[in-house]
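Below: the structure, in structure tokens.
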Amino acid sequence: MPVDQRRINGPEVSVPYQIYVDSTSSKTENPENYLKKRKDGRKFQDVRKIFIKTGVVSQAKGSAYIELGKTKVVCSVFDPRDIPNKSGYSLHGNLYCEFKFASFSCDKRRIHQQDAEEKEFSLIMQRSLEPSVCRHEYPNFQIDIYAMVLDNGGSCLGAAITAASLALIDANISTYGIVTAVTAGIYADTVFLDPTTEEESLCMCVPSRAHKSKSHGIMMQASLLQKNQVSELYFVGNIDLERIKSTMEALTKASNDLSLVTQQYLVKLALKKYKENSKITSKDRA
């Protein structure tokens, strides 16, 4: 049987590790128990702790790595290049975004080719980042952005957009500001800010008859707070208008807090590089 020589090939037949878990020792938890208390102990309006690091991919011009709980995303940005298959002249540069789940990132193994969900997330990433990039400075050029989800612990799209914005800054691409994206899950009258995969699965189900409100779904908002604008709003499900309005206000507040964290990180990184350069110049003078 022919094999693909371009990637490391695993065994043709593999066994999922779940078969070794003793199913009798743990009872299946009712998903609606998350309405009383979140599994990680957070309040419904709290986001997970965040870890950020830039310059993690040596082959790329700019890169960023972000952790939100169990969600781990790495993003790479490469040098601007000529727009392929372009006959005319373009006054504004293009962004090419590719969102991909690693094959081992989800409970169900993902295929190597992009599926419909990943292509949709790629377009959402592009629409979210375009308002932040000074595309008029890159006429007839294309900037390639690749986001890889290493571990999907929920809210992976928002984490990828934030990481991509930091990677653009790390690549010295001219931008108007930092795009921060936050996700919310809605189930009846409960709003889960920065939901996990279990909470996302609950929010995609229709509420039972015990709940008056039938709103349910996932909402992601990407904000460019330096320009006081929303660059992208994506939601799926059945959500009433009043619930959308209140959820957007909560997402804006969370985006503002996340933007302050990213700005603080970039300031510390700039000061660190400035001190390193000043030491080098002082040694050269000596």
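Look at SER63 and say whether it is assigned to a strand (DSSP E or B) and touching a residue at least 40 places away in the same chain (Cβ under 8 Å).
yes
Of the residues making up the range 85-110, those that are hydrophobic (A, V, I, L, M, F, W, C) and either modelled with pLDDT of 85 or more or more than 17 Å from LYS70 (Cα to Cα) (or both) are LEU91, LEU95, CYS97, PHE99, PHE101, ALA102. Among the residues of the range 151-164, is any in contact with a Cys (Cβ under 8 Å, 6 or more places away or on another chain) and modelled with pLDDT under 90? Yes, the range 151-164 has at least one match.
Being in contact with a Lys or Arg (Cβ under 9 Å, 6 or more places away or on another chain) and among the charged types (D, E, K, R) is the filter; apply it to the range 101-120 and report the residue that is nearest to VAL73 (Cα to Cα).
Checking each candidate, the answer is GLU118.
Residue pairs whose Cβ atoms lie under 6 Å apart, sitting 6 or more positions apart in sequence or on different chains, and linking a residue in the range 254-265 that is at positive phi to a partner that is polar (S, T, N, Q) and assigned to a helix (DSSP H, G or I), do not occur here. Of all the listed residues (ILE178, ILE169, ILE186, ILE218), the sole one being in contact with a Ser or Thr (Cβ under 9 Å, 6 or more places away or on another chain), surrounded by 20 or more Cβ atoms within 10 Å (Cβ to Cβ), more than 30 Å from ILE143 (Cβ to Cβ) and among the hydrophobic types (A, V, I, L, M, F, W, C) is ILE186. The condition of being touching a strand residue (DSSP E or B) at 6+ places or on another chain (Cβ under 8 Å) and either under 17 Å from LEU129 (Cα atoms) or touching a residue at least 40 places away in the same chain (Cβ under 8 Å) (or both) does not hold for VAL206. Can you pull out the residues in the range 186-233 that are acidic (Asp, Glu) and not in a helix (DSSP H, G or I)? ASP189, ASP194, GLU232 - these are the residues of the range 186-233 that are acidic (Asp, Glu) and not in a helix (DSSP H, G or I). Of the residues making up the range 76-101, those that are under 24 Å from CYS156 (Cα atoms) and in contact with a helix residue (DSSP H, G or I) (Cβ under 7 Å, 6 or more places away or on another chain) are SER76, VAL77, LEU95, CYS97, GLU98, PHE99, LYS100, PHE101.
Exactly one residue among ASP151, ASP189 is touching a residue at least 40 places away in the same chain (Cβ under 8 Å), more than 11 Å from the chain's Cα centre (by Cα) and over 20 Å from TYR234 (Cβ atoms), and that residue is ASP151.
Kindly establish whether TYR96 is more than 27 Å from VAL267 (Cβ to Cβ), aromatic (Phe, Trp, Tyr), in contact with a strand residue (DSSP E or B) (Cβ under 9 Å, 6 or more places away or on another chain) and part of a strand (DSSP E or B). Answer is yes for this residue. Taking first residues from the range 121-147 that are on the phi > 0 side of the Ramachandran plot and partners that are of a type outside the set (Ser, Thr, Tyr) and assigned to a helix (DSSP H, G or I), no Cβ contact under 6 Å between residues at least 6 apart in sequence or on separate chains turns up. Going residue by residue through the range 190-203, is there one that turns out to be on the phi > 0 side of the Ramachandran plot, surrounded by 18 or more Cβ atoms within 10 Å (Cβ to Cβ) and of a type in the set (Asp, Glu)? Yes, the range 190-203 contains at least one residue that is on the phi > 0 side of the Ramachandran plot, surrounded by 18 or more Cβ atoms within 10 Å (Cβ to Cβ) and of a type in the set (Asp, Glu). Annotation for the range 43-57: no member residue is among the small types (Gly, Ala, Ser), crowded, with 20+ Cβ neighbours inside 10 Å and in a loop (DSSP other than H, G, I, E, B).
The values are calculated or read from the model by the stated rules, or taken from the named source; none is laboratory data. All of these numbers come straight from a predicted model, not from anything done at the bench. In this analysis, Cβ positions are derived from the backbone assuming ideal geometry, glycine residues included, and neighbour counts consider all displayed protein chains.
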